[in-house]
């Protein structure tokens, strides 16, 4: 089953800050607010500056009316869809967005004990899906 994720590499003034991994079913808020999922500090960053979400087959970033804008390829964007690697600039921050489509087989190993499944092992599988994409798959002991 396929699962879509977005890796974000965060840099501030060309210095590496960290990585974030977004799942396909979530709306991710970017901004300076304490409630933001990805918090960017600075005078050029609004409280709720932008949002990123999976929209059908592509990712979408939308500026939320910020004063200083959200930039892709040196152009301000209000809403932009992307499928490939994209660099987003907000204030002095750079977010390199790398979409990934994962296709993992289910029931290949027991993540609970890190050993191969035995013939007598029984589990319940919980699969969370949205628009044909698997967001999460869990094996729970029966």
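Extension gain residue 130-residue 57, at 0.36 nm per residue separation less the Cα-Cα distance, in nm?
Gain in length upon complete extension: 25.1 nm.
Output the relative contact order of the chain, whole-number percent, from Cα pairs under 8 angstrom with separation of 6+ residues.
Once divided by the residue count of the chain, the mean separation gives 24 percent.
Run the quick spin-label model on residue 102 and residue 15: label points 7 Å from Cα toward the beta carbon, then report their separation in nm to one decimal.
Computed distance between label sites residue 102 and residue 15 equals 3.1 nm.
Could you give the length gained by full extension between residue 140 and residue 27, i.e. 0.36 nm per residue of separation minus their alpha carbon distance, to one decimal place? Don't skip to the answer; put the middle values down first.
Values: separation 113, 0.36 × 113 = 40.68 nm, distance 2.67 nm.
Between residue 140 and residue 27, full extension yields 38.0 nm more.
Select from 68, 124, 81 the residue whose mean-square fluctuation is largest in a Gaussian network model of the chain (Cα-Cα springs shorter than 10 Å).
Comparing 68, 124, 81 in the GNM, the peak value goes to 124.
If the chain between residue 5 and residue 83 were fully stretched, how many nm would it gain, using 0.36 nm times the residue separation less the Cα-Cα distance?
Stretched fully, the residue 5-residue 83 segment lengthens by 26.9 nm.
How would you classify the stretch 44-87 from its alpha-carbon gyration tensor, with a ≥ b ≥ c the square roots of the eigenvalues: rounded for a/c under 1.5, else prolate if a/b is greater than b/c, otherwise oblate? List each step's numbers first, then the result.
On the way: a/c = 2.58, a/b = 1.54, b/c = 1.67.
Oblate is the answer for the stretch 44-87, as a/c is 1.5 or above yet b/c matches or exceeds a/b.
What does the convex hull of the Cα atoms of the chain come to per residue, in Å³, rounded to a whole number?
129 Å³
Pick from 22, 41, 54 the residue whose mean-square fluctuation is largest in a GNM of the chain, springs joining Cα atoms under 10 Å.
41
Out of all DSSP beta bridges with both ends in the chain, state the antiparallel percent to the nearest 5.
Taking every DSSP beta bridge within the chain, about 95 percent pair in antiparallel fashion.
Every read-out reported here was derived from the displayed coordinates using simple, explicitly stated rules and does not represent laboratory data. Keep in mind that what you see is a predicted model, and the values were worked out from it rather than measured. Note that we place each Cβ from the backbone using ideal geometry, even for glycine, and neighbour counts take in every protein chain shown.
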